[in-house]
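Only one structure is covered here, and it is reproduced in the block below.
The values are calculated or read from the model by the stated rules, or taken from the named source; none is laboratory data. None of the values given here were measured: they were computed from a predicted structure. A quick note on method: Cβ atoms are made from the backbone with ideal geometry, for glycine too, and the neighbour counts reach across all protein chains shown.
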Amino acid sequence: MTELLKHYLFYTFHSMTKFDVMAIGWILFLALLLVILAIFTKKRSFSYFLLFLGLLLLFIGPPAIKFAMDGYMRAADVTIERIKTLNYSHSLVVEGTVKNSGKIDFSSCDLLVLVYRPTKPLGRWAAYLKPLKVHAEHFGTFLERGASKPFRIIVDHFRKSDDFNVTVQARCYP
């Protein structure tokens, strides 16, 4: 969990473009404007409502904008073609392709392999937040818009279990 959080924060700060900074700045400006307007409003219930909206925008706005911009500008599709566990070396081999389906070219990508137990739909989020194994691999290849490249990741120290799921996430940098 801590490695997943550390990798996400690293990705967040290193993948920001001028459009992200402008969108987050605009959200923070609107939140501050709503708080100031709440201070000068005479009607108490409307003032509380504006204060609530301002604080909600302040805390929820920047992650929501970052999530929306990642889905639009830095979208990358990962297709897993083959997963193989090696019997004699306790390793897992994941092969697939990464495709740039975003609006900008990528200078590099980080591929994050998450191995977790399959559970019922409600427990899927809990299994995703606490995976069995997390492995981050740097994929330093330039990837143009619409282009795709194959990858091969070897996860060492993987103890073969009866049943497991593998998810590969691509986090790409402009």
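Scanning segment 150-166 for residues that are of a type outside the set (Asp, Glu), exposed (fewer than 14 other Cβ atoms within 10 Å of the Cβ) and at pLDDT 75 or above turns up Pro150, Arg152, His157.
Looking across segment 3-56, the residues that are under 18 Å from the mean Cα position of the chain (by Cα) and of a type in the set (D, E, K, R) come down to Glu3, Lys6, Asp20.
Scanning segment 87-112 for residues that are over 21 Å from Asp156 (Cα atoms), in contact with a strand residue (DSSP E or B) (Cβ under 8 Å, 6 or more places away or on another chain) and not acidic (Asp, Glu) turns up Val98, Lys99, Asn100, Ser101, Gly102, Phe106, Ser107, Ser108. For segment 97-111, residues that are crowded, with 21+ Cβ neighbours inside 10 Å and farther than 10 Å from Asp77 by Cβ total 3.
Determine whether Val115 is within 19 Å of the chain's Cα centre (by Cα), closer than 12 Å to Val155 by Cα and not assigned by TED's automatic domain parsing to the domain that holds Gly25. So Val115 passes the test. Just one of the listed residues (Phe10, Phe46) is under 27 Å from Lys149 (Cβ atoms) and either exposed (fewer than 12 other Cβ atoms within 10 Å of the Cβ) or not assigned by TED's automatic domain parsing to the domain that holds Ser148 (or both), namely Phe10.
State yes or no: is Ala64 closer than 16 Å to Val21 by Cα, outside the structural domain of Glu144 (by TED's automatic domain parsing) and either surrounded by 16 or more Cβ atoms within 10 Å (Cβ to Cβ) or at pLDDT below 85 (or both)? Spelling it out, it is not the case that Ala64 is closer than 16 Å to Val21 by Cα, outside the structural domain of Glu144 (by TED's automatic domain parsing) and either surrounded by 16 or more Cβ atoms within 10 Å (Cβ to Cβ) or at pLDDT below 85 (or both). Within this structure, Lys84 passes the test of being charged (D, E, K, R) and in contact with a strand residue (DSSP E or B) (Cβ under 9 Å, 6 or more places away or on another chain).
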